[in-house]
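Student: What follows is a single structure, and I will ask about it in a moment.
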Amino acid sequence: AKSRGRNNVQVFRPAMLAATTERARTAAELRTALQNAELELVYQPIIALATGEAIGVEALVRWNHPTRGVVMPGAFIPIAEEMGLIVDLGRSVLEQAIAQMRAWMDEAPQLPAFTVHVNLSATELRRPGLDRDIRTCLDAHGVDPSRLVLEITETVLMTRGSEEARVLRRLRRLGIQLQIDDFGTGYSSISYLRDLPAQTVKVDQSLISTIDSDAAQAQFVEAVLHLITSAGLSAVVEGVETARQAELLRRMDCAYAQGYFFSRPVAPDRVLGLLAGFPAA
Ligand code: C2E
Ligand code: CA
Ligand code: CA
Ligand code: CA
């Protein structure tokens, strides 16, 4: 065991150094990327299961890197968090999503109102002036606050009476909708569900990926959905990949769903066609 321990140190250390260097390089490049507008958004529709209609789209960031190609958020969001770039990144994402909503509204005024969902990191929620900035941006583009849904992971909300909770209430008062993201992945306490300033809860993909093969898991998900609705919130399920999952969820009276089964995230110029097309698939 002793020699193995020593080997671990020898083998692991260069790898760690490489990872650190790589992170620093990514952070430096990310700063440039923010200036050069290399960060772009793709959008994935959210479907009302009862009607099959798309009621909104979630903005998901992509880094269009000059040499590495398209970099997924999992590879740079954590680095942006760590290196203090997440606030600038978040600002750019919000600005793009709201400007894009304006463009869609102008292009398709006949389309029923739909929402754009934006993911907000915990760090952004702690930033002073966040609510004022969002309001200014909505006003500048003439987009009603009800068109914006902010997705926040549940861990942020665990501390009652926190500064985050106050910011959320201010956002709520502006008329912005709030959604709990990744529900079921943290150590959620069910009692906090009732006090949330949120309107909707997004049940994490990991809970539903096996519902079409595992009856016990399906029952569990049904119970979770009931819990959410009993708290006066509505449920969205993410990561729906099969027709059978969609059908099961519809029978469970799940309100909304999102996933590759309905559509992958798409470029902004494809969104209006998709929205008009549902329920076509
Ligand atoms: P998330 O908010 O939970 O987003 C859902 C992720 O699942 C997205 O990955 C989406 O492309 C993917 N997905 C959607 N449908 C399916 C499906 O049916 N099956 C599977 N396997 N995956 C599906 P993506 O775009 O790579 O984003 C990963 C995470 O990065 C997001 O998870 C979110 O936490 C973060 N993120 C993305 N964009 C932003 C952003 O603009 N700001 C912040 N702060 N975080 C972001
Ligand atoms: Ca999300
Ligand atoms: Ca999620
Ligand atoms: Ca997730």
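The values are calculated or read from the model by the stated rules, or taken from the named source; none is laboratory data. Since the model is a prediction, treat every value here as computed from it, not as a measurement. As a convention, Cβ positions derive from the backbone with ideal geometry for all residues, glycine included, and neighbour counts pool all protein chains shown. Note: accessible area is taken over every heavy atom of the protein model, side chains too, but ligands, DNA and RNA are not part of it. Shrake-Rupley method; radii C 1.70, N 1.55, O 1.52, S 1.80 Å.
Student: Condition first: modelled with pLDDT under 85 and over 18 Å from residue 45 (Cα atoms). Can you find one or more residues in region 142-155 that meet it? So that I can check it myself, show each step before the final result.
Tutor: In the first step, residues of region 142-155 are kept if they are modelled with pLDDT under 85; the result is 154-155.
Still in the list and also over 18 Å from residue 45 (Cα atoms): 154-155.
Yes: region 142-155 contains one or more residues that are modelled with pLDDT under 85 and over 18 Å from residue 45 (Cα atoms).
Student: Sticking with this one: How about region 257-281: which of its residues are of a type in the set (Ser, Thr, Tyr) and open to solvent by 40 Å² or more (accessible area, probe 1.4 Å)? Steps first, answer last, please.
Tutor: Within region 257-281, the first condition is being of a type in the set (Ser, Thr, Tyr), and the residues that meet it are 260, 263.
Across region 257-281, the qualifying residue is only 260.
Student: Let me ask you something else. Being among the acidic types (Asp, Glu) and open to solvent by 40 Å² or more (accessible area, probe 1.4 Å) is the filter; apply it to region 216-249 and report the residue that is nearest to ligand 2 (Cβ to nearest atom). Step through it out loud before you land on a result.
Tutor: Let us first name the residues in region 216-249 that are among the acidic types (Asp, Glu), namely 222, 238, 241, 247.
With open to solvent by 40 Å² or more (accessible area, probe 1.4 Å) added as a condition, the list becomes 222, 241, 247.
Working: 222: 22, 241: 16, 247: 24 Å.
Among residues in region 216-249 that are among the acidic types (Asp, Glu) and open to solvent by 40 Å² or more (accessible area, probe 1.4 Å), the one nearest to ligand 2 (Cβ to nearest atom) is 241.
Student: Something else now. Let me confirm something: among 20, 51, 32, 67, which residue is closer than 23 Å to residue 202 by Cα, among the hydroxyl-bearing types (Ser, Thr, Tyr) and either at pLDDT 95 or above or more than 9 Å from ligand 1 (Cβ to nearest atom) (or both)?
Tutor: On the way: 20 fails: closer than 23 Å to residue 202 by Cα; 32 fails: closer than 23 Å to residue 202 by Cα; 67 fails: closer than 23 Å to residue 202 by Cα.
Within the list 20, 51, 32, 67, the selection yields 51.
Student: Taking the conditions exactly as written (open to solvent by 60 Å² or more (accessible area, probe 1.4 Å), touching a Phe, Trp or Tyr at 6+ places or on another chain (Cβ under 8 Å) and part of a strand (DSSP E or B)), does residue 70 satisfy them or not? Can you show your working first?
Tutor: Numbers: open to solvent by 60 Å² or more (accessible area, probe 1.4 Å): yes; touching a Phe, Trp or Tyr at 6+ places or on another chain (Cβ under 8 Å): yes; part of a strand (DSSP E or B): yes.
Yes; evaluated as a whole, the condition is true for this residue.
Student: If a residue has to be under 15 Å from residue 149 (Cα atoms) and touching a residue at least 40 places away in the same chain (Cβ under 8 Å) to count, how many in region 181-200 make the cut?
Tutor: 3
Student: Taking region 230-244, which residues are away from ligand 3 (no atom under 16 Å from the Cβ) and either in contact (Cβ under 8 Å) with a residue 12 or more places away in the chain or in contact with a Cys (Cβ under 7 Å, 6 or more places away or on another chain) (or both)? Before you say what the answer is, go through the steps one by one.
Tutor: At the first step, the residues of region 230-244 found to be away from ligand 3 (no atom under 16 Å from the Cβ) are 230-232, 242-244.
Across region 230-244, the qualifying residues are 231, 232, 242, 243, 244.
Student: Now for a separate question. Taking region 199-215, which residues are over 16 Å from residue 182 (Cβ atoms), open to solvent by 60 Å² or more (accessible area, probe 1.4 Å) and either among the polar types (S, T, N, Q) or modelled with pLDDT under 95 (or both)?
Tutor: Within region 199-215, just 213 meets the criteria.
Student: Which residue pairs have Cβ atoms under 7 Å apart, sit 6 or more places apart or on different chains, and have a first residue in region 257-281 that is within 12 Å of residue 241 (Cβ to Cβ) and a second that is open to solvent by 40 Å² or more (accessible area, probe 1.4 Å) and at pLDDT 95 or above?
Tutor: Close Cβ pairs satisfying both conditions: 259/241; 260/241; 261/241; 261/242; 261/243.
Student: Which of the residues belonging to region 49-77 are more than 15 Å from ligand 2 (Cβ to nearest atom) and over 30 Å from residue 113 (Cβ atoms)?
Tutor: Hits for region 49-77 are 63, 65, 66, 67, 68, 69, 70, 71, 75, 76.
Student: Also: Among the residues of region 201-227 satisfying the criterion of being in contact (Cβ under 8 Å) with a residue 12 or more places away in the chain and over 20 Å from residue 46 (Cα atoms), which is nearest to the chain's Cα centre (by Cα)?
Tutor: Taking region 201-227 as the starting set, the residues that turn out to be in contact (Cβ under 8 Å) with a residue 12 or more places away in the chain are 201-209, 211-212, 218, 220-222, 224-225, 227.
The next check asks that each one be over 20 Å from residue 46 (Cα atoms); those that pass are 212, 218, 220, 227.
Working: 212: 24, 218: 24, 220: 23, 227: 21 Å.
Among those that are in contact (Cβ under 8 Å) with a residue 12 or more places away in the chain and over 20 Å from residue 46 (Cα atoms), it is 227.
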